[in-house]
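Below is one structure, written out as C-alpha cells; the observations come after it.
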Amino acid sequence: MERALVTLTPYESRRLIGRAVANMEEVRKAYREGIIVIATSISTAYVAEELLGISMEKEKFTYGVVSKGRLCVTPKNNRPRPIVIKRGKILKNIGYEILEEFGPDDVFIKGANALDPFGNVGVLAASPLGGTIGNALRYLIPRGSHIIVPIGLEKMIPISVYEAAKHTGINYYRYSTGMYSALFPIPRAKPITEIEAYRILFNVNAIPIASGGVSGSEGSITLVLEGSEENVRRAFEYTLSIKGEASIPPYTEECKSCSWPCGLRSEG
C-alpha cells in the first residue's frame with residue numbers, strides 16, 4: 001500500500017469535488033439520457049465548469065453567500081438561473097420548472113452549508129418559502145430523483161443536522177451578525193466530500209486527519225491518501241495540479257440597498 005499526505009484549501013477542495021461529481025456514473029448517465037439541474041451556488045459552479053468545460057464567474061452563480069464574516073446575499077441585480085441540461089444540451093430560458101419533468105434517473109445538484117457525522121446535509125435558507133430547496137423537494141422526493149450535494153469537510157458540524165435545525169428559524173433570533181436564516185435539512189441527499197471525490201476519481205481511500213489553518217489556509221483539510229502505488233501517484237499528481245486554486249472574490253449586496261432582514265444592515 002502506498003500513502004500520500006495532502007492539504008487542500010476550501011477552493012482546492014471545491015475543484016476536486018466538482019470534478020468528482022461531474023464524473024459520477026449517475027451524472028454521466030443523466031447527461032446523456034436525462035435531465036440535470038445544477039442549482040445556483042458557488043460549489044455547484046465548480047461542477048458546471050468540470051462537466052461542461054466552461055469558465056464561470058463563480059461568485060455570481062449564487063444568491064445567498066457567507067462572506068466577510070456574515071450571512072449575506074449577492075447584489076439584487078444578480079439573479080442567476082440554474083443550469084439545465086437535457087440529453088447533453090444546455091436549455092436556455094428555463095429554470096426550476098423543468099423539475100416537473102423529473103424522473104428517478106434525473107439529477108439535481110445543490111450546494112449546502114452543513115454536513116453532519118451521519119451523512120446528513122442542510123442548507124441555510126432566508127426565504128419564508130424555503131428558497132430553492134423548499135420548492136425543489138416537492139418534486140425530487142416523491143419521484144425518487146438523485147439529489148447530489150458537493151460539500152467540503154470544512155462544513156462539518158459536530159451534531160445532527162436535524163437536531164441543529166430545531167434551533168433555527170428566520171424569526172427565531174433577537175440578534176444576528178448577518179441575514180436571519182434557518183437551517184433546512186435536505187432528505188435523501190448524497191453528499192460528495194473530499195473522501196468520496198478521491199475514491200470516485202482515483203480509487204483511493206482518503207482519511208481526514210486535521211483541519212484548519214491560517215494566512216489563506218483557513219478551512220483547509222489535511223488527508224492521508226491510501227491505495228495502490230499507481231492510484232496514489234495519480235491522486236497526488238492531480239492534487240498538485242489544483243494547488244493554488246483561486247479564491248472567490250467578495251460579491252455582496254450593499255447594506256443600504258438590501259431589503260433582507262439582517263442584524264448588521266446598519267453597519268455597512
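Quick note: the coordinates plus some simple rules give every number you see, no bench work behind them. Everything quoted here is computed from the prediction, not taken from an experiment. Counting neighbours? That spans all protein chains shown, and the Cβs are built from the backbone with ideal geometry, glycine included.
Name the shape class, rounded, prolate or oblate, that the alpha-carbon gyration tensor gives for the stretch 195-268, where a ≥ b ≥ c are the square roots of its eigenvalues, rounded holds for a/c under 1.5, and otherwise prolate holds if a/b is larger than b/c and oblate otherwise.
prolate
Rounded, prolate or oblate: which one fits the stretch 97-250, using the alpha carbon gyration tensor with axes a ≥ b ≥ c (rounded when a/c is under 1.5, else prolate when a/b beats b/c, else oblate)?
Since a/c reaches 1.5 but b/c is at least a/b, the shape of the stretch 97-250 is classed as oblate.
Points 7 angstrom from Cα along the Cβ direction at THR168 and ARG28: gap in nanometres?
In this crude spin-label approximation the distance works out to 3.4 nm.
Where the Cα atoms of the stretch 69-113 are projected onto their three principal axes, how long is each span, largest first, in whole Å?
39, 23, 18 Å, listed from the longest principal axis down.
Can you tell me how the stretch 1-156 classifies by the Cα gyration tensor, rounded, prolate or oblate, using a/c under 1.5 as the rounded cut?
rounded
Between TYR63 and PHE118, how many nm apart are label points set 7 Å from Cα along the C-beta direction?
2.8
Roughly what percent of Cα-Cα pairs across the chain reach past 32 Å?
22
Which residues in the stretch 53-96 place their backbone N less than 14 Å from a point set 7 Å from the Cα of ARG143 along the Cα-to-Cβ direction?
84-87, 95-96
Which links in LYS68/LYS190; LYS60/LYS190; LYS29/LYS190 stretch past 23 Å when you go from one Cα to the other?
Beyond 23 Å between Cα atoms: LYS68/LYS190; LYS60/LYS190.
Any idea how far the Cα center of the stretch 198-223 sits from the one of the stretch 164-188, in Å?
About 28 Å separates the Cα centre of the stretch 198-223 from the one of the stretch 164-188.
Given the pairs LYS58/LYS89; LYS89/LYS155; LYS92/LYS243, which are separated by over 24 angstrom at their Cα positions?
Those over the limit are LYS89/LYS155; LYS92/LYS243.
Restricting the count to DSSP beta bridges whose residues both fall in the stretch 12-193, what percent are antiparallel, rounded to a multiple of 5?
Here the antiparallel bridges make up roughly 65 percent for the stretch 12-193.
Starting from the eigenvalues of the Cα gyration tensor, five times each then square-rooted, give me the equivalent ellipsoid semi-axes of the stretch 1-91, largest first, whole Å.
Over the Cα atoms of the stretch 1-91, the semi-axes work out to 24, 23, 9 Å.
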